[in-house]
Amino acid sequence: MNRPPESFREDRRPREPRGRSQLPAQPLWLRWLPVFYVVVVLAVEPVTPALWPVSFVLTALPLVAAFGYGPRVVAAVTVFAIVLEGVLAGTPCCAGRTVGNLWDRHYVANYICTFVVGILGTILAWHRARREHTLATVRSVAETAQRVLLRPVPHRLGQVSIETLYLSAAAEAQIGGDLYEAVPTADGVRLLVGDVRGKGLVAVETAATMLGAFREAAPDEPDLAGLARRMERSMSRYAEQLAGTEAAERFVTAVFAEIPDDEHVVRLVNCGHPPPLLVSGDRVGELEPTDPSPPINLGGLLGGGYRVDVVPFRPGDTLLLYTDGVTETRDSTGTFYPLAERVRPWTGLPPGALLERLHADLLDYSDGRLDDDLAALTAHRLSAEPAPERRPDSPPPDSRNP
């Protein structure tokens, strides 16, 4: 699952290096459109009076070809159109015209017009190909930036199995302000799912700062509340470097989670973010915070501390963290996506299959029209079995892909 259109569930397979950007494939119907155009002309020509030569519309054939092909093909199509116009004008193959019409001044004018339109179509195809090359390069850079920003999360950290999902509303960009991360620590696994206010490069820059601060602080802070406070300080320092009113606008809603190795619990700090879902057996429940904490970078403005909620999290349970792009997905009537209700029939699925089902259901629910970026992460508590032994020359299971 993934992408792309458009992105989608993270593909963890190694990718071959790209020597050049790849052009997007043209739709099949667009590539066949010139053929259909010629077929229609040949079908209509015999049934029209001799004074109404339909072959004149072949003048537009180079422009039709320019939408689906490159300049060389368009130039060849121009030559083909002129030759076909001559055949239709000077032979009895279709309309019964005599050879004398071949060099009739009206037909000669048609040949000249087709040649001129062919030159314009060739220029149009060349310009379109250049723009598509630029778009392919931008998409390649955006994809690389996303993989740097949202590094692949290991499938397993200790006794926790992790799966991720990322969908971008802008297929051309494939990058946004939603973020997730999982970091192993001495006490267990710490997770982050967040949503940056705003869109575009501003959101991407803020998300990169947030993720960098989390990756540095998560292994060091002794408790989850301390981690949230340190994130607040880091983001505040980052915002102070910004001019004008941007500082107050660079805030992040987030959920921090900690799954210790030696306790069957999950600790949560919710900073103005949608509540996670806990799937336990056939039960699905929302983990609403007892005392919501302020979004990151708004702690000084809104006040309040960071309260840690502790929830039982036993082997076989699954924690689903997500951004508001999931719950704010709308159907054709404008109704928001009822996440807990939709997930309830999928409690028997493994985490990876659950995210695949969620991905497909979101696209189906919205008729394929996502209005916002979204991210989701599942953390599944495994049984307390020892991890399988590995060979000395094999990479550790918690290492990240390069």
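The values are calculated or read from the model by the stated rules, or taken from the named source; none is laboratory data. The structure presented is a predicted model; accordingly, all values stated were derived computationally and were not measured. Here the Cβ positions follow ideal geometry from the backbone for every residue, glycine too, while neighbour counts run over all protein chains shown. Keep in mind that these areas ignore ligands, DNA and RNA; they rest on the heavy atoms of the full protein, side chains included. Shrake-Rupley method; radii C 1.70, N 1.55, O 1.52, S 1.80 Å.
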Given (1) closer than 29 Å to Thr209 by Cβ; (2) in a strand (DSSP E or B); (3) in contact with a Phe, Trp or Tyr (Cβ under 9 Å, 6 or more places away or on another chain), number of the condition Leu320 does not satisfy: (3)
Subset of the stretch 276-311 that is within 21 Å of Glu181 (Cα to Cα) and β-branched (Val, Ile, Thr) - its residue that is surrounded by the most Cβ atoms within 10 Å (Cβ to Cβ): Ile296
Residue in the stretch 361-379 that is modelled with the lowest pLDDT, counting only those that are open to solvent by 40 Å² or more (accessible area, probe 1.4 Å) and not in a helix (DSSP H, G or I): Asp371
Every pair of residues 6+ apart whose Cβ atoms lie under 7 Å, when the first sits in the stretch 29-49 and is within 14 Å of Val77 (Cα to Cα) and modelled with pLDDT of 85 or more while the second is in a loop (DSSP other than H, G, I, E, B) and open to solvent by less than 60 Å² (accessible area, probe 1.4 Å): Arg31/Gly68; Leu33/Gly68
Candidate set from the stretch 196-214 (those that are more than 24 Å from Pro184 (Cβ to Cβ) and open to solvent by less than 50 Å² (accessible area, probe 1.4 Å)); member that is modelled with the highest pLDDT: Val196
Given (1) buried (at least 17 other Cβ atoms within 10 Å of the Cβ); (2) in a helix (DSSP H, G or I); (3) modelled with pLDDT of 90 or more, index of the condition Val116 fails: (1)
Of all residues in the stretch 58-85 being touching a Phe, Trp or Tyr at 6+ places or on another chain (Cβ under 7 Å) and not polar (S, T, N, Q), the one that is modelled with the lowest pLDDT: Glu85
Those residues of the stretch 120-133 which are in contact (Cβ under 8 Å) with a residue 40 or more places away in the chain and open to solvent by 30 Å² or more (accessible area, probe 1.4 Å), in sequence order: Leu120, Thr122, Ile123, Leu124, Trp126, Arg128, Glu132, His133
The stretch 312-356: number of residues that are among the β-branched types (Val, Ile, Thr), open to solvent by less than 30 Å² (accessible area, probe 1.4 Å) and over 14 Å from Leu278 (Cα atoms): 3
Residue in the stretch 167-181 that is surrounded by 15 or more Cβ atoms within 10 Å (Cβ to Cβ), at pLDDT 75 or above, assigned to a loop (DSSP other than H, G, I, E, B) and not polar (S, T, N, Q) present: yes
